[in-house]
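One structure is given here, and the rest of the page talks about it.
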Amino acid sequence: MTSDKKLKDILHQYGLKGTTARIIVLDVLVQSQVALSHADILSRIHGEDLDKVTLYRTLSSFVSVGLAHKVANEDRNWLYALLLQNNRRVGIDDHAHFICDQCERIYCLPMDAEDTISVPVMDNGFVIRSHEYRLHGTCPECN
Ligand SMILES: [Zn+2]
Ligand SMILES: [Zn+2]
């Protein structure tokens, strides 16, 4: 459990007010090593009153200010993870998504700059808006 003060500080750094819903959801995301679905988040909010619409709005606010990002899982559902690792900001493009083929959990893993693959320059009408590194294998828990 991270202190409310610390969670509020994080929200303020991103220009968000420290509402109860945001603090609850941020606490769940901070504790998680893996990207979480709406259902995962709801199941981890013990006894807290948070409806689905509020959760959806809260996650959208995190994504819009760059505090969190969305990752599609193999079933094409969106999962959410913070763009923070050990209190340091990570960019969407400078980390990899590791998908465990056994438990299907998705981990955000840091990548060194020299490990990043350069994005091809396109002059044929294709416009690249984002790119993602997806790695498949077995996670430490399943190994
Ligand atoms: Zn696994
Ligand atoms: Zn990620």
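The values are calculated or read from the model by the stated rules, or taken from the named source; none is laboratory data. The shown structure was predicted, so the numbers you read here are calculated from the model rather than taken from an experiment. Because the Cβ atoms are built from the backbone with ideal geometry, glycine has one as well, and the counts that use them run over all protein chains shown.
Conditions (1) in contact with a strand residue (DSSP E or B) (Cβ under 9 Å, 6 or more places away or on another chain); (2) aliphatic (A, V, I, L, M), marked per residue:
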position	(1), (2)
55	no, yes
69	yes, no
105	yes, no
109	yes, yes
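Residue 132 satisfies every condition listed in (1) within 26 Å of residue 24 (Cα to Cα); (2) out of contact with any helix residue (DSSP H, G or I) (no Cβ under 6 Å at 6 or more places or on another chain); (3) within 16 Å of ligand 2 (Cβ to nearest atom) except (1).
Only residues that are over 27 Å from residue 9 (Cβ atoms) and either touching a His at 6+ places or on another chain (Cβ under 7 Å) or at pLDDT below 80 (or both) were counted across region 85-105, and they come to 2. Within region 20-33, the set of residues being part of a helix (DSSP H, G or I) and either among the aliphatic types (A, V, I, L, M) or touching a residue at least 24 places away in the same chain (Cβ under 8 Å) (or both) comprises 21, 22, 23, 24, 25, 26, 27, 28, 29, 30, 31.
Counting only residues that are surrounded by 14 or more Cβ atoms within 10 Å (Cβ to Cβ) and either aliphatic (A, V, I, L, M) or more than 10 Å from ligand 2 (Cβ to nearest atom) (or both), region 67-76 holds 5 of them. For the residues 6, 17, 70, the requirement of being without any contact (Cβ under 8 Å) to a residue 40 or more places away in the chain and assigned to a strand (DSSP E or B) singles out 70.
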